[in-house]
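Visitor: Take a look at the following structure, please.
Here, each number is a calculation from the coordinates, and none is a lab measurement. Not measured: the values here are computed from a predicted model. We place every Cβ from the backbone using ideal geometry, glycine too, and count neighbours over all the protein chains shown.
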Amino acid sequence: MITVSNNYQQAINAPRRQIKAKIDVYFDGVNAPPTTFTEQDIQKMTLLEELKAESNTPFGFVSSNELTIDFINVSGDFTPSNPNGKYSQKLLPDILIKPYLGLVLANDSIEWIPLGVFWSKNWNTSSQTITTVNAYDILYNIRQKDMPIIRVQENSNLYDMFQTLFNALGISNYTIDERLKKYKISLGFYEDTVSATLQSMAVAGNCYIKADRYGNIVVNSNFTNKLPVASFTDDVNVIDTQNPQDYMKIYSEVSVNYVMPSIQEETEIARLDNFKIPVGTTTFDNLSFSSPVYKITQVNLLNSKYSSITAVKYGARGIAITVNNTVADEEVTLQVIGYPIQTTALNYAVQDAEAVSKIGVKTFRISNNNFIQTLDTAKEYANSILNFVRNPMPQYIIKTRGDMAIEAGDVITIADSVNKIPETNVVVVRQNMVYDGGLEVDISAQIPVVPYAWVYVSPGLYEYVAEY
């Protein structure tokens, strides 16, 4: 939750409240003064803030937040075909946008709450009066980046793997949950793309990856015992609450694969025939391996007459080479020799007897994840996820008057006597915030995920309990 004053906390839950908008758009670059728009300049502003894409599990696809603003364009200042429009020639992609909502306090001062840091993607003037911009946070841009060349990380852990990746991507503003250090990785190697890598790492660590309201990347474990930051009740700020029951989406068994990687004997890793090398100095930087490689020992240009290798950079998934050819174009055979990595998949599975009696054996599977490399990690994962996926009612849909200081990932308390929802602590996983002069926020939340394990009670008796 964004830190707010006591006066804010009183005013946000008042029967009547006044909310302002401020949007800083950096048309002339991030180092130039922004153009500031207010609630008088917009028809509507929508923020979709989420920890994950749609999923019925505690984790989902890594997702970025999305901002949509409908600017009033009666003056034609946003119309691209209007050469005299103030902004008509500035509606470009990757324009920095910082939106705020402000609450008018009892003393008539305004407390501004940041909604995030966004970059424009598309400007659309489809009518005479409205121009709409769609923008995404920095995580969207990060997921589109080329995967950097990174070597195998030995005797590592998930925390360090995140840190190495972020540093290689040139990201400096990030925080990583220290609890991810306990997930040991003997031979760590990334996926072929940044997006696939982040997704696999989020699943392996049972964690979420998001951009916060200040543009920093945050990696947090889904395991939480945080105290609630706010209360939402039907007599103050809840319009409607649903806690749907859906047995079609529950599972009675969780199966988690974990891998044991090993370094194989030196062999030919790759061979490319008819490899064309032009005259001059050329860098080939998009040469990928079919499987992960621990170490490269030789890179050869077989049958070459004129060319020589001047630089080599390799990682677990690919190689970049620089070649100098001083005479004439030629075709050679590129040969790469080194030590490949082989992975052996093992499995840990756990069942819930009560769920089996209701729906039979229905398995939720985690497989093909090279970041899960120990039995302990697989056990913790399976035991904890089972408590979530066996529950037919883990999700809550809450329509509220809204509090823009609440962030995805916060724990809140909900209670709705009208809909028979008792006081319950839930984690905000998604919220759709709509401002059109007033504020309304639809929240998707779920029960907290906590570590579960089978605990010895007496000979032959074990109990399945939360660790906190």
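Visitor: Classify region 262-388: rounded, prolate or oblate, from the alpha-carbon gyration tensor (a ≥ b ≥ c, eigenvalue square roots; a/c under 1.5 rounded; otherwise prolate if a/b is larger than b/c)? Kindly include the intermediate steps, with their values, before the conclusion.
Guide: On the way: a/c = 4.31, a/b = 3.66, b/c = 1.18.
It is prolate, given that a/c is not under 1.5 and a/b is the larger ratio.
Visitor: Right, something else. Could you tell me which of ASN419, TYR190, ALA202 has its Cα farthest along the dipole of the chain towards the positive end, charges placed at Cβ (Lys, Arg +1; Asp, Glu -1), taken about the Cα centre?
Guide: TYR190
Visitor: I've got another one for you. Would region 143-221 count as rounded, prolate or oblate if I go by the C-alpha gyration tensor, calling it rounded below 1.5 in a/c and otherwise prolate when a/b exceeds b/c, oblate otherwise? Can you show the working numbers first?
Guide: On the way: a/c = 1.61, a/b = 1.14, b/c = 1.41.
Oblate shape, in that a/c is at least 1.5 and b/c is the bigger or equal ratio.
Visitor: Report ³J(HN,Hα) in whole Hz for each residue of region 249-256, in order, from the Karplus equation J = 6.51 cos²θ - 1.76 cosθ + 1.60 where θ = phi - 60°; Gly and Pro get x.
Guide: 9, 9, 10, 9, 9, 10, 10, 10
Visitor: Using only the alpha-carbon atoms of the chain, report the extent along each of the three principal axes, biggest first, to the nearest angstrom.
Guide: So the three principal-axis extents are 82, 81, 35 Å.
Visitor: Output wanted: per-residue J couplings in Hz (rounded whole) for region 319-336, from phi through Karplus 6.51 cos²θ - 1.76 cosθ + 1.60, θ = phi - 60°, x for Gly and Pro.
Guide: Running phi through 6.51 cos²θ - 1.76 cosθ + 1.60 with θ = phi - 60° gives 9, 10, 10, 10, 10, 10, 10, 9, 10, 8, 4, 8, 10, 10, 10, 8, 10, 10 Hz.
Visitor: Are any of the pairs LYS22/LYS210; LYS182/LYS295; LYS121/LYS362; LYS52/LYS295 more than 30 Å apart by Cα-Cα distance, and if so, which? Mind showing how you got there, number by number?
Guide: Working: LYS22/LYS210 23 Å; LYS182/LYS295 26 Å; LYS121/LYS362 42 Å; LYS52/LYS295 35 Å.
Result: LYS121/LYS362; LYS52/LYS295 exceed 30 Å.
Visitor: May I pose another question? I want the local charge near ALA211. Using Cβ-Cβ distances under 12 Å, sum +1 for each Lys or Arg and -1 for each Asp or Glu among the other residues.
Guide: Working: positive: ARG143, LYS210, ARG213; negative: GLU49, GLU50, GLU66, ASP137, ASP212, GLU407.
The answer is -3.
Visitor: In addition: Only Lys, Arg, Asp and Glu count, each charged at its Cβ (+1, +1, -1, -1), so figure out the dipole size of the chain about its Cα centre, rounded to 20 debye.
Guide: Values: 36 positive and 49 negative charges, 66 e Å.
Dipole size: approximately 320 debye.
Visitor: Could you please report the charge total around GLY438, scoring K, R as +1 and D, E as -1 over all other residues with beta-carbon less than 11 angstrom from its beta-carbon?
Guide: +1
Visitor: May I pose another question? Taking the Cα atoms of region 6-140, what is the range of coordinates along each of the three principal axes, in descending order and whole Å?
Guide: 48, 44, 31
Visitor: Considering all alpha-carbon pairs of region 87-192, what whole percent are spaced by more than 22 angstrom?
Guide: It works out to 57 percent of all Cα pairs.
Visitor: Follow-up. Listed here are the pairs LYS184/LYS226; LYS86/LYS399; LYS44/LYS249; which of them are more than 31 Å apart at the Cα? The partial results should precede the final answer.
Guide: On the way: LYS184/LYS226 25 Å; LYS86/LYS399 38 Å; LYS44/LYS249 35 Å.
Going by Cα-Cα distance, LYS86/LYS399; LYS44/LYS249 fall outside the 31 Å limit.
Visitor: Another one. So what J values fall out for region 349-354 if you push phi through Karplus, 6.51 cos²θ - 1.76 cosθ + 1.60 with θ = phi - 60°, rounded to Hz, Gly and Pro as x?
Guide: Working through the residues one at a time gives 9, 9, 10, 10, 4, 5 Hz.
Visitor: Provide TYR214, TYR339 in ascending order of the number of other Cβ atoms located within 10 Å of each residue's Cβ, fewest first.
Guide: Working: TYR214 12, TYR339 16.
Listing TYR214, TYR339 from fewest to most nearby Cβ atoms yields TYR214, TYR339.
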